[in-house]
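Peer 1: The structure under discussion is supplied below as structure tokens; questions concerning it will follow.
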Amino acid sequence: MTGATRRGRSPEGRAEVRRDLVAAAVRLFRTRGYEETTVDDIAAAAGVGRRTFFRYFPSKEDAISPDHEVGLARIAEVFATAHPTEPTAMLVVRAGETVFQLYADDPELSVERFRLTHEVAALRDRESARVDHYRRLFTRRLRERFAGEPDGDLRAAVTGAAVVAAHNLALRAWLASGGRPDQLDDCRARFRKVVDMLPGEPAREEPALQGVTERLEAAVARLERRA
């Protein structure tokens with residue numbers, strides 16, 4: 001039994017193998033070039049076989065992407081567990097912020113991914129498609145939330161697009177500046193400004209929206225104090 005096989009038998013081990021594959025892909029794309037790097041090259045650099053690589057990624061392009069399936073699942077979970085009376089603005093910001101952690105867990109790797117994505121057209125196109133998955137997920141969940149309301153479909157589409165656009169703008173600015181951990185709070189604060197730009201809530205929810213940005217920031221501060 002190989003070391004890679006043993007590592008892949010536990011959740012922690014699988015996560016380690018995945019990180020090794022991503023790191024190898026980033027390193028090889030940077031030093032050898034994207035077109036010149038093969039799946040076999042990435043697998044060998046990570047100390048695993050070709051079959052193991054395909055257990056984690058369907059292509060070499062996917063090896064350079066964050067784990068978007070985790071990000072999408074996190075957003076879906078926030079919507080699934082949200083209280084029906086929670087203001088929509090607060091809900092979408094909570095959901096969007098769960099994705100930041102995909103990048104904050106390893107800022108150095110996230111910055112390298114960001115740079116490569118901008119340099120390699122195939123990676124850039126793949127990332128754009130991934131971004132659209134987030135927009136469609138937000139829109140779908142919001143459409144369910146606004147069911148039966150006047151212009152609910154339109155409001156869901158506008159809100160979903162706005163939240164994803166604001167998230168990408170804030171995140172990319174953070175990555176472009178080097179992904180410094182001490183600047184992540186500024187990144188989140190910039191994203192939260194989308195609250196002031198979203199379509200208004202129906203009249204029955206307007207009182208709950210007063211000061212939503214301030215309440216969100218206060219809640220985050222309380223959680224940080226407990227950590």
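Peer 1: Points 7 angstrom from Cα along the Cβ direction at Ser10 and Asp153: gap in nanometres?
Peer 2: Spacing of the two 7 Å Cα→Cβ label points: 5.1 nm.
Peer 1: To the nearest 0.05, what FRET efficiency results for Ala121 and Leu169 with a Förster distance of 22 Å applied to their C-beta separation? Don't skip to the answer; put the middle values down first.
Peer 2: Details: r = 21 Å, r/R0 = 0.97.
The pair Ala121/Leu169 has a calculated efficiency of 0.55.
Peer 1: A further question follows. What is the Cα coordinate range of the range 1-101 on the first, second and third principal axes, sorted by size from largest, in whole angstrom?
Peer 2: 52, 32, 18
Peer 1: Report the label-to-label distance for Glu86 and Phe54 in nanometres (one decimal), using points 7 Å from each Cα along the Cα→Cβ vector.
Peer 2: Here the answer is 4.0 nm between the modelled labels.
Peer 1: Report the semi-axes of the equivalent ellipsoid for the range 53-159 in whole Å, largest first, where each axis is √(5λ) for an eigenvalue λ of the Cα gyration tensor.
Peer 2: Working: eigenvalues 178, 45, 30 Å².
In descending order the semi-axes read 30, 15, 12 Å.
Peer 1: Within the range 94-130, find all residues whose amide N lies under 20 Å from a label point positioned 7 Å from the Cα of Glu61 along Cα-to-beta-carbon.
Peer 2: 112-130
Peer 1: If you don't mind, there's one more thing I want to ask. Quantify, in whole percent, the carbon and sulfur part of the accessible surface of the range 126-169 (1.4 Å probe; protein heavy atoms only).
Peer 2: Numbers: 1240 of 2230 Å².
Ligands and nucleic acids excluded, carbon and sulfur reach 55 percent.
Peer 1: Still on this structure, I have one more. Return one whole number: the accessible area per residue of the range 13-58 in Å², for a 1.4 Å probe. Walk me through the numbers on the way to the answer.
Peer 2: Values: 2460 Å² over 46 residues.
Accessible area per residue: 54 Å².
Peer 1: Specify which residue in the list Pro87, Val70, Leu21 is farthest towards the positive end of the charge dipole of the range 13-113, using unit charges on the beta carbon of Lys, Arg (+1) and Asp, Glu (-1), about the Cα centre.
Peer 2: Looking along the dipole axis, the top candidate is Leu21.
Peer 1: Same structure again: Quick check: pseudo-label points 7 Å beyond the Cα along Cα→Cβ at Ser128 and Thr98, how many nm apart are they?
Peer 2: 2.8
The values are calculated or read from the model by the stated rules, or taken from the named source; none is laboratory data. Predicted model, so just to flag it, every value in this text is computed and none were measured. Methodologically, a virtual Cβ is constructed for each residue, glycine included, from the backbone with ideal geometry; neighbour enumeration extends over all protein chains shown. Please note that ligands, DNA and RNA were not included when accessible areas were found on the heavy atoms of the full protein model with its side chains. Shrake-Rupley method; radii C 1.70, N 1.55, O 1.52, S 1.80 Å.
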